[in-house]
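K.L.:
This structure is in structure tokens; I'll ask about it shortly.
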Amino acid sequence: MPSIYQQQLGADFDKLHPRIQERLGFSSADNRAFVGEGVMERVWHGPFFTQPFLRAGLSHQITFPETGSNVPFRIENYAYVDPLGRETVTWIRRFHFPKHTRCFDATMIRSAARHAIVDYLGTHQHVAVDIDMAVTARGGLRLRSGAQRFRAGRLAFRLPGLLAALADVEEWYDDAADCYRIEVVVRNPVIGKLFGYYGSFQSSWRVVAPAQIPAYALPQRYEARE
């Protein structure tokens, strides 16, 4: 079964660096999980007035207020079919600061209706974000946030620009250093840069059937609306 990223990129998937293809080319049928461990050279946030926004995401593991240098980092990607029948890939990120381990978690699906990857942020899938994907000149993958929607109970609306957090992400493979590298910048159209990080990690693979995915890697709530 092609992964959701293979389906979305089509022929462009073959332009990715082979190690990026390997990283993004697995599906729920493969019974395997990607685990990356490394260091974020810098984790930063914007001016003081961005703090309320960053703290607001703590409870649902979307944002956090800490900053630091050489922060130990771990990412776990699992593929499974969710209870709504959608092929899903988890993005479980852990940043190990001296006093706290902070989380930045999401689940991604491919939406045929929206012709896009949809990124559900946090533990409850309240925020759905369209993701534009492109292959970079060095064979990396660039992801940019598009339209963002809030979904909770009867509430359903598109987030206005004032509240949007637009991510610009590139992940690539550094052959010279034999590692994956990532750079993330999240901005608000009105107040500017909110937070971001950059660093590197090494990979390992695990045999994990969908039924064996740890509970912490699964959403506490599933949202049918894309």
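The values are calculated or read from the model by the stated rules, or taken from the named source; none is laboratory data. As the structure is a prediction and not an experimental result, all values here were calculated from the model. Here the Cβ positions follow ideal geometry from the backbone for every residue, glycine too, while neighbour counts run over all protein chains shown. Each accessible area value is taken on the protein alone, full model and side chains, heavy atoms only, with ligands, DNA and RNA left out. Shrake-Rupley method; radii C 1.70, N 1.55, O 1.52, S 1.80 Å.
K.L.:
Could you tell me how far the Cα centroid of the stretch 103-177 sits from the Cα centroid of the stretch 1-57, in Å?
P.N.:
10
K.L.:
Relative contact order for the stretch 98-220 using alpha-carbon pairs under 8 Å, separation at least 6, rounded to a whole percent?
P.N.:
RCO, the stretch 98-220: 16 percent.
K.L.:
Oh, and also: Based on the Cβ-Cβ distance of His96 and Arg144, what FRET efficiency does E = 1/(1 + (r/R0)^6) give at R0 = 30 Å, to the nearest 0.05?
P.N.:
The formula returns an efficiency of 0.60 here.
K.L.:
What's the local net charge at Arg94, with K and R +1, D and E -1, over the other residues with C-beta under 14 Å away?
P.N.:
Residues close to Arg94 contribute a combined charge of -1.
K.L.:
Another question, then. Express the accessible area of the chain per residue in Å², computed with a 1.4 Å probe while the remaining protein chains stay in the model.
P.N.:
For the chain, the per-residue accessible area is 47 Å².
K.L.:
With label points built 7 Å along Cα→Cβ from the Cα atoms of Asn31 and Ala56, find their separation and express it in nm.
P.N.:
About 4.5 nm, to one decimal.
K.L.:
I would also like to ask the following. How far apart, in nm, are two points set 7 Å out from the Cα along the Cα-to-Cβ line at Val185 and at Trp205?
P.N.:
Each label point is offset 7 Å from its Cα along the Cβ direction, giving 3.4 nm.
K.L.:
Round to a whole number: what % of the accessible area of the chain belongs to carbon and sulfur, probe 1.4 Å?
P.N.:
Carbon with sulfur: 54 percent of the solvent-accessible area.
K.L.:
Then there is this: Tell me the mean residue ellipticity at 222 nm calculated for the chain from its helices only (DSSP H runs of n ≥ 4, each -39500 (n - 2.57), averaged over every residue, nearest 500).
P.N.:
Estimated from H runs of four or more residues: -2000 deg cm²/dmol.
K.L.:
Please compute the net charge surrounding Ala156, taking Lys and Arg as +1 and Asp and Glu as -1 over other residues with Cβ under 14 Å from its Cβ.
P.N.:
+3
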